[in-house]
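Enquirer: After the structure tokens below, expect a handful of questions from me.
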Amino acid sequence: MNSSNEEYLKPIEKKCLGSITNLSGIDLYRCIHINDFMYYVDPDAADVVFRSGIPIRVVPLDACNPITLSLADFERLRGTPLYTPVMAMMKPYIRNLKSHQGTDGALMYDPLAVYCVLRPDACTMQRYGIRIDTSETGRGRFIASPTGNIDVVMSIDAKRFKEDFINSLR
């Protein structure tokens, strides 16, 4: 075997999903300080991440909430192997969302977060500085400044997302 260590030192790109991706209630247009439960639980860890200097793209729920996939969207899968299992999941999910939240479609938070990383050209972004309040009185609040190194998704092209998402399932 003839290999060098150089080939193992190539940069690695990670795309993480989890509690740090599920941001809610961020009104960065006015830089209002708003709490998020996940950051309330461990504000120190969240603050370390946001201050780390690593490239971060925040996809807040504010950018995701206007985009839902309806049963009509999923109907486009008819004739594919995924049609039956997807419809079996989506029909009760969307029915429950409609009765409890008044939403006529499936909320797609994690797929939208991934989409914004893979297709940044489908997103409108703005740069901010973000830190997390770690004090007892402000625990978990986002504090945004108009200058910084964190890309915050302000909106997502719903038509492109729906088309790409459904096509990815075909």
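The values are calculated or read from the model by the stated rules, or taken from the named source; none is laboratory data. Computed from a predicted structure; not experimentally measured. In this analysis, Cβ positions are derived from the backbone assuming ideal geometry, glycine residues included, and neighbour counts consider all displayed protein chains. Side chains included, ligands, DNA and RNA excluded: accessible areas come from the protein's heavy atoms. Shrake-Rupley method; radii C 1.70, N 1.55, O 1.52, S 1.80 Å.
Enquirer: Inspect all residues belonging to region 98-111 and state whether any of them is among the β-branched types (Val, Ile, Thr) and at pLDDT below 90.
Expert: Looking for residues that are among the β-branched types (Val, Ile, Thr) and at pLDDT below 90, one finds at least one in region 98-111, hence yes.
Enquirer: What residue, among those in region 73-90 that are open to solvent by 30 Å² or more (accessible area, probe 1.4 Å) and under 23 Å from the mean Cα position of the chain (by Cα), is farthest from Ala106 (Cα to Cα)?
Expert: For region 73-90, the residue satisfying everything is Met89.
Enquirer: Tell me which residues, restricted to region 94-111, are in contact with a strand residue (DSSP E or B) (Cβ under 6 Å, 6 or more places away or on another chain) and part of a helix (DSSP H, G or I).
Expert: Ile94 - this is the single residue of region 94-111 that is in contact with a strand residue (DSSP E or B) (Cβ under 6 Å, 6 or more places away or on another chain) and part of a helix (DSSP H, G or I).
Enquirer: Looking at this structure, is Thr80 part of a strand (DSSP E or B) and touching a residue at least 12 places away in the same chain (Cβ under 8 Å)?
Expert: no
Enquirer: Search region 26-65 for residues being of a type in the set (Gly, Ala, Ser) and open to solvent by less than 30 Å² (accessible area, probe 1.4 Å), and hand back the single one that is modelled with the highest pLDDT.
Expert: In this case the residue turns out to be Ala63.
Enquirer: Just to be sure, is Tyr115 in contact with a helix residue (DSSP H, G or I) (Cβ under 6 Å, 6 or more places away or on another chain) and closer than 28 Å to Tyr40 by Cα?
Expert: Yes, satisfied.
Enquirer: Still on this structure, I have one more. Between a first residue in region 41-63 that is closer than 19 Å to Glu136 by Cβ and in contact (Cβ under 8 Å) with a residue 12 or more places away in the chain and a second residue that is assigned to a helix (DSSP H, G or I) and open to solvent by less than 50 Å² (accessible area, probe 1.4 Å), which pairs have beta carbons less than 7 Å apart while being 6 or more apart in sequence or on different chains?
Expert: From residues that are closer than 19 Å to Glu136 by Cβ and in contact (Cβ under 8 Å) with a residue 12 or more places away in the chain, the pairs are Ala46/Tyr39.
Enquirer: Right, another one. Any idea which of Ser135, Ser145 is assigned to a strand (DSSP E or B) and of a type in the set (Gly, Ala, Ser)?
Expert: Ser145
Enquirer: Now a separate question. Assuming Gly148 fulfils every condition listed in (1) surrounded by 14 or more Cβ atoms within 10 Å (Cβ to Cβ); (2) in contact (Cβ under 8 Å) with a residue 40 or more places away in the chain; (3) among the small types (Gly, Ala, Ser) apart from one, which condition is it?
Expert: Status for Gly148: all satisfied but (2).
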